[in-house]
């Protein structure tokens, strides 16, 4: 079931391609002061002195803060915090790139030059940046999800298994690098703080700044008109945002901080690498008897971030005995954070390659193995799924890909000098739902304005929300406009976790329903038609009519397990001499509930597929562990997919309505796109070459063996 777009374009497309969309870094303010951090060039130790003499001589420098003279701030404890202990508040250094001084100057150039002139001396301490060299120092940390789960008797289940797989798998560190670097402009007028921020969660920024500044949230306004990508890096509150606000209040002048590409490696989080061990046991006919999945990731010395790599394993396959365990290793790096498809994205790499290995051990088609272990309900908590059309996804994806023509043995498909491999992998992503509120306003000319504090991070919110309201009000979507990104608007949650359409969309649906109800009350006759809305307002002497609506998940919906599902099919060609893997086809079929905007949903999935190609074959943030720093703090030293790397992409959706996830029948679509792509590619590489690769990204040197 879909709401068909009434126009074939993105509502915000024109303003973006013509440069009229205003981002945080574009906002100007009279008398603005620019901020730039001088950063530590060691990963661990103590700052013994900071010499700012040369920096202060740079023309235009207004002030330089170090740990010796910076205003003292409380520890940031709000859930929005990316790091709890702010830099400059102590002389301790826990990662290379940590701020050790903040330069405030009249121009950006002066701030950057003065920051380069700051000289610090250190008492250097031993540093550990390679978590794989310190796995014996793993620790367990309390977090928002259980760090260990156990269902059934794993040992007994493994004992009953006739075929077993026990292997280790790895994913790499990766960084977010949105087109728009993180930027913030803070303006203090003596009573209220106005913050223009490139953020995925304006209300989170407001709450965190209120805590640090000791102000009531009502005295802080956060505006984020457009966000040029976030992918999780802008979902939390980081030190540059805090210090911009603090400096604005201290100086009595607007303060702007825009991160450089280099600073984007350390000034906000990254996706941590994982080491995973997966143990599978199955009967000869391919039914799982035991599953165990352990995942370990690095975290910061002072903060905790757990990349829950086992979340997908807990719910993906039917099995009587499932154990999962999470650990972290503390290292001298900045704090990791959420990155598009956190948890399931890295975790499903290990599980889905292991399932492919099990299929070959059983001499069974990989798709058939997954069919035989389809879960009718969540195998860990026993809850029924709110909706699950994964079987339909198998049928759609296999038919569109031509999976039936696949020959099973590795290296059995060849085209000229290319080995051809076909692989597949399951996708699963948890459904996040946050309460939201919205306002709809009708004017006499028959136009409607939607207002909500949600953010537009490039996912098409300004296109999707009018489609929701149009269905209720019966007017064309192109007569509906949307105001977003302002904490003066009705409150909405953060734009992450594929939650916006569910939460904000449901709130808009309710607001539109209330607006139509009020219009019917004002009408002289029952059966009011959309073309009569303006006449009713005129008859009642009203220029406009507004109604508010809200939505939050019901307690009853907690009785269901909610996930987006998918099946990804990949074709890879590997030159038999050069051993360079190329993805030549990807087909994905998805179970995401009701699809509100098919064009936008497909764009989200295809973008995610490209993201998955990067995870599989290219993306890795390499660190020099001798120096404790990332090797290339720019975009020239890292590989990402370009147009030549992107093959034909096919996206299909199951016809589905999920009545438990939201009133719209929708679940989430933004996050699931990358999930399952990397293991599908890895499995296709094995089918092509006979070489089993258990880590991503897959490099040419991995394929130099005989196969």
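Since every read-out is calculated from the coordinates, none of them should be taken as a lab result. Bear in mind that the values here come from a model prediction, so they are computed numbers and not experimental data. Note that we place each Cβ from the backbone using ideal geometry, even for glycine, and neighbour counts take in every protein chain shown.
Computed quantities for the displayed model
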read-out: Overall dimensions of the chain as given by Cα atoms, namely Rg and Dmax in Å; value: 26.5, 82
read-out: Coordinate range along principal axes, alpha carbons of region 137-231, Å, largest first; value: 71, 31, 27
read-out: Relative packing of 457-463, 291-297, 425-431, which averages over residues the other C-beta atoms within 10 Å, highest first; value: 425-431, 291-297, 457-463
read-out: At R0 = 45 Å, FRET efficiency that the Cβ-Cβ distance of residue 444 and residue 559 yields, to 0.05; value: 0.50
read-out: Least to most buried among 355, 133 (fewest other Cβ within 10 Å first); value: 133, 355
read-out: Computed E for residue 488/residue 26 - FRET, C-beta separation, R0 22 angstrom, nearest 0.05; value: 0.65
read-out: Neighbour-count order for 53, 380, 107, fewest beta carbons within 10 angstrom listed first; value: 53, 107, 380
read-out: In range of the label at residue 283: residues from region 310-328 whose backbone nitrogen is under 16 Å from the point 7 Å along Cα→Cβ; value: 318-321
read-out: Helix-only [θ]222 nm of the chain, DSSP H runs n ≥ 4, -39500 (n - 2.57) each, per residue, nearest 500; value: -7500 deg cm²/dmol
read-out: Contact order normalised by residue count of the chain, Cα under 8 Å, 6+ apart, percent; value: 16 percent
read-out: Mean separation of Cα contacts under 8 Å, 6 or more apart, over the residue count of region 434-552: relative contact order %; value: 40 percent
read-out: Two-site FRET efficiency, residue 376 against residue 643, from Cβ-Cβ distance with R₀ of 45 Å, rounded to 0.05; value: 0.60
read-out: Value in Å of the Kirkwood radius, where region 434-552 supplies the Cα pairs that are averaged; value: 14.1 Å
read-out: Fewest-first ranking of 191, 439, using other Cβ atoms within 10 Å as the exposure measure; value: 191, 439
read-out: Extension gain (nm, one decimal) between residue 48 and residue 156, 0.36 nm per residue minus Cα-Cα; value: 33.1 nm
read-out: Stretchable slack from residue 405 to residue 531, in nm (0.36 nm times residue separation minus alpha-carbon distance); value: 39.9 nm
read-out: Ordering of 561-568, 87-94, 675-682, 209-216 by packing [mean C-beta count within 10 Å, highest first]; value: 675-682, 561-568, 87-94, 209-216
read-out: Kirkwood hydrodynamic radius over Cα pairs of region 250-397, then Stokes diffusion coefficient at 4 °C and 1.567 mPa s, in µm²/s; value: 73 µm²/s
read-out: Highest average packing first - 272-281, 161-170, 687-696, 361-370, Cβ atoms within 10 Å; value: 272-281, 687-696, 361-370, 161-170
read-out: Contact order relative to length of region 154-280, as percent, for alpha carbon pairs under 8 angstrom and 6 or more apart; value: 41 percent
read-out: Percent of beta bridges antiparallel (DSSP, the chain, rounded to nearest 5); value: 75 percent
read-out: Separation of the residue 417 and residue 137 label points, Cα + 7 Å toward Cβ, nm; value: 4.8 nm
read-out: Extension gain from residue 635 to residue 57, taking 0.36 nm per residue of separation minus the Cα-Cα distance; value: 204.9 nm
